[in-house]
Amino acid sequence: MTKYYIYILLVTTSVFSQKTNYLLKTGDSICLESRNEVFCKAIDFYRKQKYDSCYAYSNRALMIASTNEEKDFFNCIQGYSAFINKFYKKALSNVLKISNRKNYSQVKLYLLGNIYLNQQKYDEAIESIETWIFNDKLDDKFLKKAMLHNLGLAYIHKKEYIKAKEHFNKEFTLIPLKDTLALVRAKMDLANVYYNQYLDNEAIPLFEEAYILAKLFSDIELKQYTSQNMAVVERNRKRYKESVGYYREFIKWKDSINNRDRIWELTERDKKLAVAQKQQEIAVQDEKIKRQKVQRDGLIIGSSGLLLFIGFLGLFYRKLKKKNKLITQQKEDLNVANKTKDYLFSVVSHDLRSPINTIRYQHEELKNHIDNKDLVAIKEATNAAIAVTNSTSHLLNNVLHWSLEQSNQLVFDQKEYALRPMVQHVLHDYTILVEAKSIRIESNLENALVKADKESLKIVLRNLLDNAVKYMNGAGEIKVTTGVKSETEAFISIEDTGVGIPKDRLVKINALKDLSIDKIDRSEGVGLGLILCQTLIKKNNGTLTFDSEVGKGTKITILLPSIPV
């Protein structure tokens, strides 16, 4: 296993508390004495942890800095800002310019150790960190624990496992019993030391302990890394079924992190849209005020300037008409955007309410089972929560793709593609999943050239295959066929032996191809995934149809423009 979790503690919060306070006091003193706006803004952005702005202003400050104190200070905060933004070469350049004066020596060693570790210069990192530890006079166990951790990581990469284990054990002694996050990370570190020496009997129990503790902890990234470690361990042990389970957990947590970030971006975009709409209303009001003023001034001129006034008014009217036309178009665009936003919020508020409440209820049950030490009930509650989370993750993926498509941010590039390798790539991703569910996938893929956007077509295929797996009653079969229907059309057919679709719902699904955003009725129970599929296929100049019979399965046919071979 070569999976290392590099945990590098940053200086922005309580780390280096005394030295950080010294830096802030030094910055305030420089600002007060110089009264230089650039200096003051740089230190203010550093205090507020706005490192992009701090980097820019400290760069300007270095151009005009004259004293050694000023140069050391601004090299320090610019180097740290560059480190936070992962500009490691620039960070190293700044830090090496810091003098070795008493007040800066430890800060310099700390930054050098972390920068070299990120640059994979392990000998230099070890030298800097060990010197820092030897000279450390601070009673800060949290900081010392982090530096011991980084030292252990450097020795792991150098394959000096005895020294790595020594430093991880020292780190372990500094971890409070209540600090579950640090305990999990420490166990993973020690496990990696043993595992890289092929000491599986010592390593695997530590991986398992870290995984169990992470399951009970709220940190999603920690759940992601521990489940990934277990997937690799089980794969190497040739326990493929267990490995698949852990790998699916890893994907679930990874998707949760990505979707969380995407939903946050969508919310921020909606805020900006609301601000833009308000600014537009203010602009319209300002335009009305200006028009009233012009009309009033025109009347004061009197009859002697009547002809001039009429000419001016005509010119103004034409400009105003052009602006009103632009405003009307913008209003229509905003209405479409608002309808899309309202629909997305309807999906999120309606479809997420139930699973979120279910997860909350299951967590309460899980807490009670943990208090009662009922392991069987804990496993059942966890499995139920995983199933609900998987469903919710699939919904969030569809919300993301739908929102990107509606806001024209989904990259759409139609080119000539061969159907067979594209469909084979999607089917390959489902092989392990369907085998675990006793579902067999058969494929008869004749090659055909189509003009389409490959990524949006993959999104459609994944949604349709997800539905086929989801509505399969136990074991079953999915048959995927591609070929040429005519000189101008190629087809993709997905046929399953699932539960089928009732006739009334089948009519609504096939009618989706003619719906626009303002005609969608959420009360009809049509899922966002199928709406997204119809939208993307229509954008690819194709058609999507469903044939189904309850109890006998469903056949889905995609027709796309083909190119003669």
* Of 71/97; 503/552; 252/470; 163/215; 223/379, which sit over 20 Å apart, Cα to Cα? -> 163/215
* Neighbour-count order for 63, 147, 472, fewest beta carbons within 10 angstrom listed first -> 63, 472, 147
* DSSP loop (so not H, G, I, E, B), at most 14 other Cβ within 10 Å: list which trypsin sites (Lys or Arg not before Pro) in region 109-144 pass both filters. => 137
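Values quoted throughout were computed directly from the atomic coordinates according to the rules given, and no laboratory measurement underlies them. Bear in mind that the values here come from a model prediction, so they are computed numbers and not experimental data. Reconstructed Cβ throughout: ideal geometry from the backbone, glycine too, with neighbour counts over all protein chains shown.
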